[in-house]
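S.K.: The structure under discussion is supplied below as structure tokens; questions concerning it will follow.
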Amino acid sequence: MSATPPGRPPYYTQNYSFPVPGGQGLAYIPAALQPLADLIDQTIEQQIAASWPQNVANLPTTNLQNNQEVYLQTAAMMATGAVWHLKYRSAASSAGRWEFLGGGPIEQTVQSSGDALAQGLNPVLGGPQVTLPRPGDYSISFGAVFIGQPGSAVSVGIDGGGLSADAQPMIEFQTPGAQLWLDPGDGSAAPAPGFTDTASLTIRRTVSSESATLTMSADCTGSAALGDRFISATPIRLG
């Protein structure tokens, strides 16, 4: 077997096309193999990086792979710090094939001692509201503090994104029909300022449109107000 003559261009391995310098002698082997080691490191790093979930502002629509993962954060989500870890499941039975793995909700809280409600079914002035980046199935939580005079009643629900403001279930607040009285025990009883209650509800809803804004609505009878109200939405699966 003849030795590789000095100066001959490097050979390449059969399977990976890595360079193998020849004809330099044993003293040059460490230096000669350094490019090979660097190329192996680079290849491994590229393969690991390719397997990490990618940061995206919009869900991919082409070259989708089963079990592909992404971190979704739109510009609006970035403002609140929300990031959603999603996995694509090609065999999903619904149009929402991006399944939620983790992340914080999109939410808004309006702190208030009580804002008066108009009679009938109306949006709650002053919010809260949240905008959802994608259609899909969501877990939506909402709640408020209710302040009502005797005989008043309020039903609180979520509107927007294909959701009806009076869709059940809703939070139901109701005061006793008789006047409330405060009696400190010294005979100086006086009418109470009103009945106060706090409640929240979590529902599953399918949002049909992209960039849908969810708002809070209230169907009010009598004299009532809502304070410290909130809406919070977490995805279940997105389309």
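The values are calculated or read from the model by the stated rules, or taken from the named source; none is laboratory data. Keep in mind the model is a prediction, meaning the values are calculated, not measured. We place every Cβ from the backbone using ideal geometry, glycine too, and count neighbours over all the protein chains shown.
S.K.: How many residues, within region 66-93, are loosely packed, with under 12 Cβ neighbours inside 10 Å, in contact (Cβ under 8 Å) with a residue 24 or more places away in the chain and out of contact with any strand residue (DSSP E or B) (no Cβ under 7 Å at 6 or more places or on another chain)?
M.R.: Applying the first criterion (loosely packed, with under 12 Cβ neighbours inside 10 Å) to region 66-93 yields 66-67, 75, 78-79, 81, 90-91, 93.
Imposing the further condition that a residue be in contact (Cβ under 8 Å) with a residue 24 or more places away in the chain reduces the set to 66, 90-91.
Next cut, out of contact with any strand residue (DSSP E or B) (no Cβ under 7 Å at 6 or more places or on another chain) only: 90-91.
Looking only at that region, the number is 2.
S.K.: Moving on. Which members of region 95-123 meet the condition of being outside any strand (DSSP E or B) and surrounded by 13 or more Cβ atoms within 10 Å (Cβ to Cβ)?
M.R.: The first filter runs over region 95-123 and keeps only residues outside any strand (DSSP E or B), leaving 95-97, 104-105, 111-114, 117-119.
The answer is G96, R97, G104, P105, S112, G114, L117.
S.K.: Of all residues in region 198-239, which are among the polar types (S, T, N, Q) and in a strand (DSSP E or B)?
M.R.: Taking region 198-239 first, the residues among the polar types (S, T, N, Q) are 198, 200, 202, 206, 208-209, 211, 213, 215, 217, 221, 223, 232, 234.
Matches in region 198-239: T198, S200, T202, T206, T213, T215, S217, T221, S232, T234.
S.K.: Would you call T43 among the β-branched types (V, I, T) and either modelled with pLDDT of 85 or more or within 16 Å of P133 (Cβ to Cβ) (or both)? Before you say what the answer is, go through the steps one by one.
M.R.: Values: among the β-branched types (V, I, T): yes; either modelled with pLDDT of 85 or more or within 16 Å of P133 (Cβ to Cβ) (or both): no.
No; evaluated as a whole, the condition is false for this residue.
S.K.: Here's something else I'd like to know. Is one or more of the residues making up region 142-153 at pLDDT 90 or above, touching a Pro at 6+ places or on another chain (Cβ under 7 Å) and crowded, with 18+ Cβ neighbours inside 10 Å?
M.R.: no
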